[in-house]
1. Most fluctuating residue of Ile213, Ile99, Ile132 in a GNM of the chain with Cα springs under 10 Å: which is it?
2. Just need the relative contact order of the chain here, percent rounded to a whole number, with Cα pairs under 8 Å and 6+ apart.
3. So, R0 is 30 Å and r is the distance between the beta-carbons of Glu3 and Phe182; what FRET efficiency does that work out to, to 0.05?
4. For Ser190 and Arg253, compute 0.36 nm times the residue count separating them, minus their Cα-Cα distance, and round to one decimal in nm.
5. If I take R0 = 25 Å and measure r between the Cβ atoms of Asp131 and Asn161 in this structure, what FRET efficiency does the formula 1/(1 + (r/R0)^6) give, to the nearest 0.05?
6. Compute the distance from the alpha-carbon center of region 63-96 to that of region 150-198, in whole Å.
7. Of all beta bridges DSSP finds with both residues in region 2-251, what is the antiparallel percent, to the nearest 5?
8. Using the count of nearby Cβ atoms within 10 Å as a rough guide to exposure, how do Thr202, Thr250 rank from fewest to most?
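None of the figures in this text is laboratory data; all of them are computed from the coordinates on show. Note that the coordinates shown come from a computational prediction; the quantities given were computed from them, not determined experimentally. Cβ placement follows ideal geometry from the backbone for every residue including glycine, while neighbour counts extend to all protein chains displayed.
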Amino acid sequence: MSEETISVGGTALFLLKAGSGAPCVFLHDIEGHEGWLSIHDALAETATVLAPSHPGFGHTPAAEWITSVQHQAVFYNWFLQQAGLQNVDLVGVGLGGWIAAEMAVMDTSRLHHLVLVGAAGLRPRDGDLLDIFLLPWRQVIERGFLNPHGSAEYERIYSANPIQEFGGIREAGRTMTMRMCFKPYMHNPSLEGMLPKITTPTLVVWGDGDDIIPVQCGRQYAERIPDAELRVVKECGHFVHLEQPEQLATLLREFFSS
């Protein structure tokens, strides 16, 4: 695994990279860039995995012009262009899933597959979204797991680098998330109407016990994106990529090879 920095529109994008094969760009969630994860390692067995840190999330500096999720999508499409990437398998989790969906609405010419895992961006027709800005950050992260202390990845990440309530590199990501997603809260009212424009083969993955973004949102994504498939992971919360990395990797490898 190597660290790289790529200049995109004057912003130094930090990313981790490993593996060989077709490019797989993995966009993280509200938890921020927590280093090289088990899901990255599993995917790198058959793909070249690129795991960037979103602008404003600490590892990559904030750009003044990026004030919304749509701007993040423009930035990442610009990154694909700048890096000369084609036939990309794009995976987005949570907030990263929302960015990925907006990217696909804008331009699918560089995408081979699209995967949305517990993606934000839609308002559920039934139920509601958890207001993550009203809770201490430790509670937000723990509610992202069905059983946080039963997760090897949770223990590995948050034992080595405990969650601080204020300060530290995670504070930058929380502040940037609030800047982009506070109003309207964690969704784009126009996105659902634009999803039928997406022509890339799409897989939607959700944890059945997601307490942050209800599985109803997964059904809405799958209904609106043509021929999208919804797979629900049993006994799993919002952070599927952290709580069930091997199961998610298996789903993704099967999808990418189809």
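1. Answer for the Gaussian network model of the chain: Ile132.
2. Values: 535 pairs, mean separation 54.1, N = 258.
Normalised by residue count, the contact order of the chain is 21 percent.
3. 0.45
4. Taking Ser190 through Arg253 to full extension adds about 19.6 nm, to one decimal.
5. 0.50
6. Cα centres, region 63-96 to region 150-198: 16 Å.
7. Roughly 35 percent of the DSSP beta bridges within region 2-251 come out antiparallel.
8. So the ranking, lowest neighbour count to highest, is Thr250, Thr202.
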